[in-house]
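Before any comments, here is the structure.
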Amino acid sequence: QKEVEQDPGPLSVPEGAIVSLNCTYSNSAFQYFMWYRQYSRKGPELLMYTYSSGNKEDGRFTAQVDKSSKYISLFIRDSQPSDSATYLCAMSEDGGSNYKLTFGKGTLLTVNP
Amino acid sequence: GAVVSQHPSRVICKSGTSVKIECRSLDFQATTMFWYRQFPKQSLMLMATSNEGSKATYEQGVEKDKFLINHASLTLSTLTVTSAHPEDSSFYICRAWGGTEAFFGQGTRLTVV
């Protein structure tokens, strides 16, 4: 079993839809959880960063972490065509940005106008 | 946000030749540089971690004599793929840590023919 599992999609939704992206993991030592957005031909950019279990909201984006189930989610409300990108989940045991990250494969999202 | 400039973005080389990839942090000092590789439909996989002025630490299974990493200054790190072979064709991307946050470069698509 891979450490981090993420459905690669592709996922296609109409503009305005609520998008749900998910990752599961097997390493119970993971404590820091991140979501990155990667546009075509660009490097990933950090979208959301959470520590341990709980929810975090930032505008149209909500990140959820359920450590008991080893399951994390990213919700995008009122999705826009500009949200079309690949979304990668990432997690680490310690230190967040300065520590080794383990990534999911990424989910390709297309929001259709 | 901070910028990490990675060059080249795309390179095609002949089998047996060497290719150098550069990552520069343009507006911060990168004390740690992470180098990742991503094969098609796979996750970003950490290859090595380098701290400025020190030898890089390679992940298990990554040949240090084949993938030479130099991090001689706080703004520049290079990855040289020596004696490249078609199986080295991949997407290589750096991630620079500047003390509070980490930022990705744009990535390099290497094709060895």
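Summary table
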read-out: Probe 1.4 Å - accessible area at A:ASP7, Å² to nearest ten; value: 110
read-out: Cβ charges +1 (Lys, Arg) and -1 (Asp, Glu), total dipole of chain B, debye; value: 280
read-out: Selection of chymotrypsin sites (Phe, Trp or Tyr not before Pro), segment A:29-113, meeting DSSP coil and at most 13 other Cβ within 10 Å; value: A:TYR39
read-out: Computed accessible area, B:THR31, all protein chains, 1.4 angstrom probe, square angstrom; value: 60
read-out: Cα-centred dipole magnitude for chain A, charges only on beta-carbon of K, R (+1) and D, E (-1), debye, nearest 20; value: 200
read-out: Karplus (6.51, -1.76, 1.60) ³J(HN,Hα), θ = phi - 60°, over segment A:72-77, in Hz, Gly and Pro reported as x; value: 10, 9, 10, 10, 10, 8
read-out: Set of lysines near A:LYS100 by C-alpha distance (under 24 Å), chain-local residues within fewer than 8 positions excluded; value: A:LYS2, A:LYS42, A:LYS56, A:LYS67, A:LYS70, B:LYS20, B:LYS41, B:LYS55, B:LYS64, B:LYS66
read-out: Highest-MSF residue in chain A out of A:LYS100, A:LYS70, A:LYS42 [GNM, Cα springs under 10 Å]; value: A:LYS42
read-out: Neighbour-limited loop hits for trypsin sites (Lys or Arg not before Pro), segment B:4-113 (at most 11 other Cβ within 10 Å; DSSP other than H, G, I, E, B); value: B:LYS14, B:LYS41
read-out: Accessible area expressed per residue, chain B, with surrounding protein chains retained (probe 1.4 Å, Å²); value: 49
read-out: Dipole in debye (nearest 20) - segment B:30-81, about Cα centre, beta carbon charges: Lys, Arg +1; Asp, Glu -1; value: 140
read-out: Hydrodynamic radius by Kirkwood, which averages 1/r over all alpha carbon pairs of chain B, in angstrom; value: 13.8
read-out: Most mobile listed residue (B:ILE12, B:ILE21, B:ILE93) in chain B, GNM with C-alpha springs under 10 Å; value: B:ILE12
read-out: A:ASP94 - accessible surface, heavy atoms, 1.4 Å probe, Å² rounded to 10; value: 80
read-out: Pairwise FRET efficiency - A:THR110 versus B:LYS14, Cβ, R0 = 41 Å, nearest 0.05; value: 0.70
read-out: Cα-based Rg of chain A normalised by 2.2 N^0.38 Å, two decimals; value: 1.00
read-out: Dipole of segment A:1-90, positive direction: furthest Cα of A:PHE33, A:ILE72, A:PHE61, with charges on the beta-carbon; value: A:PHE33
read-out: Relative intensity, log₁₀ I(q)/I(0), of the protein assembly as shown from a Debye sum that treats every alpha carbon as a point, q = 0.08, 0.12, 0.14, 0.17 Å⁻¹; value: -0.29, -0.66, -0.89, -1.24
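The values are calculated or read from the model by the stated rules, or taken from the named source; none is laboratory data. As the structure is a prediction and not an experimental result, all values here were calculated from the model. Note that each Cβ is placed from the backbone with ideal geometry, even for glycine, and that neighbours are counted across all protein chains shown. These area figures cover heavy atoms from the full protein model, side chains too; ligands, DNA and RNA do not enter into them. Shrake-Rupley method; radii C 1.70, N 1.55, O 1.52, S 1.80 Å.
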